[in-house]
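Engineer: Sharing a structure below in structure tokens format, with a few things to ask.
The numbers here are math on the coordinates, done by the rules we state, and not lab data. Quick caveat, the model's predicted, so the values are computed rather than measured. Counting neighbours? That spans all protein chains shown, and the Cβs are built from the backbone with ideal geometry, glycine included.
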Amino acid sequence: MFMQTDLIPALDPNPLPAPYWLIKVLLVVTFFLHILAMNLLMGGGVVALVCKWRTKDRAEGNRIFFDVVKKLPVLLPATVTLGIAPLLFVQVLYGQYFYTSSIVMAWPWFLVLVFLILAYYGFYYVSFQSAKPRGRAWGTMLFSVILTLLIGFMYTNNLTLAESPLRWTEKYFANDSGWHLNLSEPTLIPRYLHFMIAAVAMGGLLLVFMALANWKRDVVYARQLFHFGGKAFSYGTMAQILVGLWFLASLPHEMQMLFMGGNLLATILLLAGTIGGVASIFLMSDALRKENIRAGAFYVPAITAVVILCMTWMRDILWDAYLKPYFHPEQFVVQTQWAVLPLFLVLFVSGVGFWLYMLKKYGLFGSVKTVQ
């Protein structure tokens, strides 16, 4: 028989290079940036496929499809690059748990790299195709989107398994082949859908940004983008609220109570996220009725960013709650590298700013100067 403490590998003896609270803040911030890019990538792919086959005007749907897919080869490396930093911070603070869960599900975790490479090639292939109504481009696009969905599913399995050490021996000693997923976890499906449906809403915002860029050059096409994207955002956000309630109900009772007054910060974040999500739906609906592109492209994305930040912070609180019996931050030894830390922070902020500048120069979202 194993004691709970026997399941957890020894704490890394290397001291933390920065204060614990700073690494936690950087983990939340970098994961927030990663999620923004991931949502635009995933949601853009899903919305593009729907546009191609569900719009009344097949020619316009085809145009939107190829307009969106030409942006995805840029969003995928952005997602990967922005995901490196939070993954490193997770390894610094929670390496004992994350590495162990990665070993338990070794082969599915390894397949993430294979799926990522194949999806990348698929996105590039479709982006080089001309806007002709051929089935091959649509099929390749569908294949790449499915692969990215599978990648998200693998990540959700790994992270839920990392916060459940008692499941490690149950899986590993029953079968040490490394072909394990965390399918018995009650929160797995709602947690996964919570991310994926949010991506659909963000894919709708991607079309709204494209409408903003085309508003003066081609107002008819811009209106089509705006209305389709705005509706995708609204319906996706509505579904997201329902899935969020499912996710909350699937949590163990003590975890639910964190967001019901047991933890003041968690409760405030849940209320802010919910109110922000409902407000964004009403604002987008009003913008669609009035064809107010500025409200749809400025106010709604700003509120949505705040909502995503709240959800990211809530995720971090929930992670620590699951690991509370095993994870004790006071055990860390901190030796702040003052000679390196300021340089890192400056380069980090500069890097994010430069990335945003490159997106603007590339024309991913277009220039707001075209709007009167």
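Engineer: Per residue Cα convex hull volume for the chain, in cubic angstrom?
Structural biologist: Residue-normalised Cα hull volume stands at 147 Å³.
Engineer: Need one number: nm distance between label points at Tyr326 and Lys360, each 7 Å from Cα along Cα→Cβ, rounded to one decimal.
Structural biologist: Simple spin-label model gives 4.5 nm for this pair.
Engineer: Could I ask something else about it? How would you rank Phe226, Phe128, going from fewest to most other Cβ atoms within 10 Å of each one's own Cβ?
Structural biologist: Placing the least packed residue first, the sequence is Phe128, Phe226.
Engineer: Let me make sure I get this right: for the stretch 11-108, a, b and c are the square roots of the gyration tensor eigenvalues over alpha carbons, sorted descending. Under 1.5 in a/c it's rounded, otherwise prolate if a/b > b/c, else oblate. Which is it?
Structural biologist: The shape class here is prolate.
Engineer: While we're looking at this one, here's another question. Could you give the length gained by full extension between Ser350 and Val333, i.e. 0.36 nm per residue of separation minus their alpha carbon distance, to one decimal place?
Structural biologist: 3.2 nm
Engineer: Further question: More than 18 Å apart: what percent of Cα pairs in the stretch 78-127 qualify?
Structural biologist: Tail of P(r) above 18 Å: 47 percent of Cα pairs.
Engineer: Something else: Using 0.36 nm per residue of separation minus the Cα-Cα distance, give me the extension gain between Lys24 and Leu113 in nm, one decimal.
Structural biologist: Net length gain for the segment: 29.4 nm.
Engineer: Additional query: Over all Cα pairs of the stretch 257-361, how is the pair count split among 10 Å bins, expressed in % and running from 0 up to the last occupied bin?
Structural biologist: That works out to 12, 23, 29, 25, 9, 2, in percent per bin.
Engineer: Going by amide H atoms built from the backbone, whose H comes under 5 Å of the H on Leu16, apart from near neighbours?
Structural biologist: Answer set, sorted by chain and number: Val333, Val334, Gln335.
Engineer: Rounded, prolate or oblate: which fits the stretch 164-295, taking a ≥ b ≥ c as square roots of the Cα gyration tensor eigenvalues, rounded meaning a/c under 1.5, else prolate when a/b beats b/c?
Structural biologist: Oblate, since a/c reaches 1.5 and b/c is not below a/b.
Engineer: Return Lys360, Lys52, Lys70 ranked ascending by Cβ neighbour count within 10 Å, so the fewest neighbours appear first.
Structural biologist: Lys360, Lys70, Lys52
Engineer: Related question: How do Thr274, Thr148 line up, fewest other C-beta atoms within 10 Å first?
Structural biologist: Least crowded to most crowded, the residues run Thr274, Thr148.
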